[in-house]
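Nothing in this text is a laboratory measurement; each read-out follows from the coordinates by a stated rule. Bear in mind the structure is a predicted one, so any value in this text is a computation, not a measurement. All Cβ positions, glycine included, derive from the backbone under ideal geometry; neighbour counts span all protein chains shown.
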Amino acid sequence: MSYILATILVALATISGVNMQSSMQMALAQGLPLSSPACGQVVHGNVTLTANLVCTGDGLIVGGDNTTINLNGYSITGPGDNSSKVGIAIPHSNSVVIQGSGAIRNFQAAVLITGSENTNIHRVTFEGNKIAVFMTGSIGSTVEQNFIGPNTIGVASHSSIGAQIHANMMTSNDLAGVTLVNTDKSQVDANSIGGSRNGIFLDAQSTKNTILYNNVLKNDVDINNADGLPLNINGNELIKNNCFVSQPSGGCNPQ
């Protein structure tokens with residue numbers, strides 16, 4: 001399972017990075033910030049959706065720091081989870097907020113955070129995506145109070161630091177609710193995760209992460225530290241999680 005998850009994340013990081021660079025160049029060529037965004041356009045500043053977006057390509061592309069996207073109860077829908085398209089792309093932009101209510105569905109990555117700091121995503125519904133929230137090469141991303149599922153993977157962090165994954169409801173995300181690959185010093189807490197092959201998965205290169213106070217139930221493996229790697233090897237902590245099956249054993253405190 002570790003090989004499958006890591007392979008998917010590395011492949012998506014490569015594919016999405018190429019697509020995103022092309023999309024970003026096209027969007028920036030269009031010039032000024034947009035007050036009423038359309039599919040494939042760059043946005044920055046304060047942006048509020050006023051209608052559903054149904055996109056045959058990428059959704060929105062963040063083009064600057066301190067951008068807030070308010071879905072305002074509307075949805076962004078893509079061409080399918082195998083399309084290589086992204087719902088909201090955040091390339092090298094700091095202090096970006098994506099807030100609901102509203103939904104992002106049917107993309108390869110619903111939100112792709114690349115090389116950015118302090119992104120905050122809250123109160124959004126994610127369904128029908130390959131990965132709901134995918135952060136790569138990012139620092140301090142916060143994903144909180146979202147409804148995530150069904151997707152292939154709920155929240156994925158690749159080569160990132162300091163992610164905060166807090167108080168999300170995750171159901172029926174096939175491979176994993178949360179997966180950390182080469183990710184350090186992050187915290188996964190107070191989430192409800194069920195219906196996945198792995199509820200929470202950490203690979204061997206993910207170190208000094210804290211997993212605490214989660215309800216992780218009815219998964220094939222509720223909490224999986226690198227297919228049973230002893231916690232003292234990569235320094236991850238499992239604290240007071242309500243679950244039944246962990247690798248290595250002893251990581252659950254069922255109520």
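Between N82 and I239, what FRET efficiency comes out of the Förster formula 1/(1 + (r/R0)^6) with R0 = 41 Å and r the beta carbon distance, rounded to 0.05?
0.65
Can you compute the charge dipole magnitude of segment 48-192 about its Cα centre, using +1 on each Lys and Arg Cβ and -1 on each Asp and Glu Cβ, nothing else charged? Give it in debye, rounded to the nearest 20.
160
222 nm [θ] for the chain, helices only, -39500 (n - 2.57) per DSSP H run of 4+, per residue, to 500? If you can, show how the numbers build up before the last one.
Working: 2 runs with 31 residues, N = 255.
Result for the chain, helices only: -4000 deg cm²/dmol.
Determine, from the Cβ-Cβ distance of D174 and T56 and an R0 of 22 Å, the FRET efficiency 1/(1 + (r/R0)^6), rounded to the nearest 0.05. Working shown, then result.
Values: r = 25 Å, r/R0 = 1.14.
The computed FRET efficiency comes out at 0.30.
What percent does the relative contact order of the chain come to when contacts are Cα pairs within less than 8 Å and at least six residues apart? Write down the numbers at each step before the final one.
Details: 843 pairs, mean separation 25.2, N = 255.
The normalised contact order for the chain reaches 10 percent.
Kirkwood Rh, segment 176-255, all Cα pairs: how many Å?
11.8 Å is the Kirkwood radius here.
Taking the Cα of N72, stepping 7 Å toward and past its beta carbon, and measuring to each backbone N in segment 91-124: which are under 16 Å?
98-103, by backbone N distance to the label point.
What is the angle, in °, between the Cα long axis of helix 2-28 and the longest principal axis of the Cα atoms in the chain? Nearest 10 is fine, range 0 to 90.
10
Specify which labelled value, from [x] 30.8, 134; [y] 19.6, 64; [z] 17.2, 56, agrees with Rg and Dmax of the Cα atoms in Å derived from the coordinates of the model shown.
Correct label is [z].
What list of ³J(HN,Hα) couplings, whole Hz, do you get for segment 187-194 from phi and the Karplus terms 6.51, -1.76, 1.60, once you set θ to phi - 60° and write x for glycine and proline?
So the J values, rounded to whole Hz, are 10, 10, 9, 6, 8, 10, 10, x.
Can you check what the Kirkwood hydrodynamic radius comes to for segment 113-255, Cα pairs only, in Å to one decimal?
Its Kirkwood hydrodynamic radius stands at 14.2 Å.
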